[in-house]
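The numbers here are math on the coordinates, done by the rules we state, and not lab data. Predicted, not measured: the structure shown is a model, and the values here were computed from it. Because the Cβ atoms are built from the backbone with ideal geometry, glycine has one as well, and the counts that use them run over all protein chains shown.
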Amino acid sequence: MHTVANDWHLWLAFFGTTIAVSFSPGAGAIQSLASGLNHGLLRAYWSIAGQEVALAFQLTLVAVGLGAVVSKSVVAFTVIKFIGVAYLLYLALRQWRASGGDLRQNMGGPPAKAGLPLLMRGFLVNATNPKSLVFYLAVLPQFVAPTAPLLPQYLVLGLTFIGVDIVVMGVYAGLATRLLRLLGARQQKLINRFFSGLFATAAVILASVRRAASA
C-alpha cells in the first residue's frame, strides 16, 4: 500500500504543498518578520521554535481526532479564534508603540530578553489560530492511508511540515534582519507601524474565519 511514509511521489506532493502553505502570508510569517526586525535572526529562532511547537501540538490534535471536534464545535472554535484575535491585536499595539531606536538596542541587548518571552509569543500566535486546524483537517487526509499504520504517516507529515516551516520562517526573519541594517531610526519606526498594521490585518482575517462545517 502506498503511503506518504514509503512513496516518494506522494511525499514530494506533500512537500510541495507544505512549501506553498509555509510561504503564504499569515500571522506566523508576520511574527517571524517582526521578530527578525526587532531581535535579529538568531534570537528570532526562539519565536520560530515556539511556532513549531504549536504546529506539532495542532498536528497531534488532528492525529488523535480532537482537531475535528474543535473545528465542529461552535463554542470551542469561537473561543480559540477570538483568543487569537485578541492576541494579534495585542501584538499590533505592542509593535505600534515600539520606538525606532529600540530595534538596534534589542538586537544588541542581553539574550535573556529574547528567550522564553519570544518562545511563548511564537507559540501563542500559531496555537490560537484555528484556521490551521481547519487546513490540516482538509489537507492531511489526502496524504494518509486510513488502512495503514497511522503513526508513521503522521510522523513523516509532521516532521516534513515543521522542517519546511522552520526554513521558511527563518527566511522571513533573515529578510527582516537585513532590512533593519538599511534603515535609520525614523524608517525603523515606520516599519514597526507597518508591521503593527499587518498584525491588525491578520486579526481581522482571523475573525472572519468560519468553521469548515459552516463555510
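Data for the structure
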item	result
The chain: angle of helix 74-97 to the longest principal axis, Cα-based, in degrees nearest 10	20 degrees
Rg to Rh, two decimals, where the chain supplies the alpha carbon set and Rh follows Kirkwood	1.01
In degrees, nearest ten, helix 8-23 long axis to first principal axis of the chain (Cα)	30 degrees
Two-site FRET efficiency, residue 179 against residue 83, from Cβ-Cβ distance with R₀ of 25 Å, rounded to 0.05	0.25
Mean separation of Cα contacts under 8 Å (6+ apart) over length of the chain, as relative contact order %	44 percent
Cα-based Lys proximity count in the range 8-207, under 22 Å, for pairs eight or more positions apart or on separate chains	4
Ranked packing of 140-151, 41-52, 159-170, most packed first, by mean Cβ within 10 Å	41-52, 159-170, 140-151
Stokes-Einstein D in µm²/s, Kirkwood radius over Cα pairs - the range 114-200 at 4 °C with 1.567 mPa s viscosity	80 µm²/s
Efficiency of FRET between residue 155 and residue 190 - r from beta-carbon atoms, R0 41 angstrom, step 0.05	0.40
